1. Check Lys92, Lys65, Lys100 and return the single one that is in a helix (DSSP H, G or I) and closer than 14 Å to Glu8 by Cα.
2. Would you mind telling me which numbered condition in (1) assigned to a helix (DSSP H, G or I); (2) touching a residue at least 40 places away in the same chain (Cβ under 8 Å); (3) within 15 Å of the chain's Cα centre (by Cα) Asp60 fails?
3. Can you run down the residue pairs with Cβ atoms below 7 Å, 6 or more apart or on separate chains, where the first is in the stretch 32-53 and touching a residue at least 12 places away in the same chain (Cβ under 8 Å) and the partner is among the small types (Gly, Ala, Ser)?
4. Could you please find all residues in the stretch 50-80 being under 17 Å from His20 (Cβ atoms) and surrounded by fewer than 13 Cβ atoms within 10 Å (Cβ to Cβ)?
5. It is to be established whether one or more residues within the stretch 43-61 are of a type in the set (A, V, I, L, M) and under 14 Å from Asn4 (Cα atoms).
6. Could you tell me whether any residue of the stretch 41-58 is farther than 16 Å from Lys100 by Cα and out of contact with any helix residue (DSSP H, G or I) (no Cβ under 7 Å at 6 or more places or on another chain)?
7. If you take the residues of the stretch 1-38 that are modelled with pLDDT under 90 and either among the small types (Gly, Ala, Ser) or not in a helix (DSSP H, G or I) (or both), which of them is surrounded by the most Cβ atoms within 10 Å (Cβ to Cβ)?
Amino acid sequence: MGKNTTIEEVGNLIGNTVAHKILARKTNKPESTNSVEAEEIEYRAQAAKKSKEYNWNRLDISQIKQKALKKVISKFESKYKDIKITKEEVEKLIQDEIDKILID
């Protein structure tokens, strides 16, 4: 598998991690919080594992950020229209995840 495919996968996994982090914070269903948090942890672990396959330069990280942002926005526009988030909030959470996962 090539680096571009891995960039796509890591971006999607980070996007899912951030989406679940937001859902855990803003859900109207407290009974869902534990499962949503568990999914967040699982997506983060998968992203960390997948990210170890390559070394990442600034362009790669920028592409990952864009893929993750696209994933989060798409998910909230299609499935979670009732939850309001700002692009800035999402970008900050994505950067936090990238700092944890890709930049040690």
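1. Within the list Lys92, Lys65, Lys100, the selection yields Lys65.
2. (3) is the only condition that Asp60 fails.
3. Here the result reads Val36/Ala24; Glu37/Ala24; Glu40/Ala24, each pair linking the stretch 32-53 to a residue that is among the small types (Gly, Ala, Ser).
4. Ser74, Glu77, Ser78, Lys79
5. Checked against the condition, which is being of a type in the set (A, V, I, L, M) and under 14 Å from Asn4 (Cα atoms), the stretch 43-61 yields at least one hit.
6. Checking the stretch 41-58: not a single residue is farther than 16 Å from Lys100 by Cα and out of contact with any helix residue (DSSP H, G or I) (no Cβ under 7 Å at 6 or more places or on another chain).
7. Thr27
The values are calculated or read from the model by the stated rules, or taken from the named source; none is laboratory data. On a predicted model such as this, the values are computed, not experimentally measured, just so you know. Cβ atoms come from the backbone with ideal geometry, glycine included; neighbour counts cover every protein chain shown.
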